[in-house]
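Derivation of every value follows stated rules applied to the coordinates shown; laboratory data play no part. This is a predicted model, so every value here is computed, not measured. Here the Cβ positions follow ideal geometry from the backbone for every residue, glycine too, while neighbour counts run over all protein chains shown.
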Amino acid sequence: MLSRRLLLTVNSGLSFAPPVVVQTATNADTITDPQAGDVVVYMHGYLTNSSTHLVPSFTSIRRLVSNVQWASSSTTYYTQGHLQYKILTGAETTFTGGTGTGTWVQYRMIRPITSVTLSGTTSANANMSVGYSAVTQTDSTLGCIRVIGTGGYSASGTSQTLSTGDVQTVASSSYAKFLATHSFDAGSAFSTRASFQSPTFHSTLILNG
């Protein structure tokens, strides 16, 4: 019986098929095809810092709150973003990060992902311009996802660039936006910040399996 997992031929050496983007969506959207060993990259943002907005069962990559208070009427009036990921079990139905909105991308590799190694993770209360290093591919390295984006108010109006990766995927909602691609090569990434001085984020997710 054929598996729903990608039926792709792996050549000799270290030439693996790139990941497939299964779905791009926002929080509370139905997951149309969850499969164990897929990975979801998720950015959540909001207008205040009243909670962390870590989605249940997700792993935090980086959370940052703006250093600029946008109204003096409340000490919680600082925008925030939270970048996170999850290796799917296959039983998921939706992802909800609470107040605010999140956006996510689901990736599927030729084999199930068993762990994620983070590299070059950084965040800033400013527009972000950062370089990322090449990643050495090994027998157990299935993929390398580069992520750049922002979480906060009016995030959908921001812009992001990545200098490598043939297929680049935009994930966007009112309070979160990021650009992601698959690339083992060194390169550079850039993101503007949103209104009320929202924070920016970058990370490399090395997918192992």
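A few points about this structure:
- Extension gain, SER119 back to LEU54 (0.36 nm per residue minus Cα-Cα distance, nm): 21.4 nm
- Spin-label pair ASP33/GLN137, simplified geometry with 7 Å Cα→Cβ offset, distance in nm: 2.2 nm
- Projected label points at THR96 and VAL130, each 7 Å from Cα along the beta carbon direction, are separated by 3.1 nanometres.
- If R0 equals 25 Å, the separation of the Cβ atoms of THR24 and SER163 corresponds to a calculated FRET efficiency of about 0.75.
- Net lengthening on full extension, ALA186/ALA71 (0.36 nm per residue, minus Cα-Cα): 37.4 nm
- Against the set (i) 57, 41, 30; (ii) 61, 35, 23; (iii) 63, 38, 32, the structure's computed Cα extents along the principal axes in Å falls on (ii).
- Relative packing of peptides 125-134, 46-55 - highest average C-beta neighbours within 10 Å first: 46-55, 125-134
- At q = 0.11, 0.13 Å⁻¹ the log10 of I(q)/I(0) for region 6-117 amounts to -0.43, -0.56, computed by Debye summation with a single uniform scatterer per C-alpha, solvent ignored.
- Order by protection proxy (mean Cβ within 10 Å, highest first), peptides 19-25, 112-118: 19-25, 112-118
- Protection proxy ranking, highest mean first, for peptides 82-92, 196-206: 196-206, 82-92, where packing is the per-residue count of other beta-carbon atoms within 10 Å, averaged.
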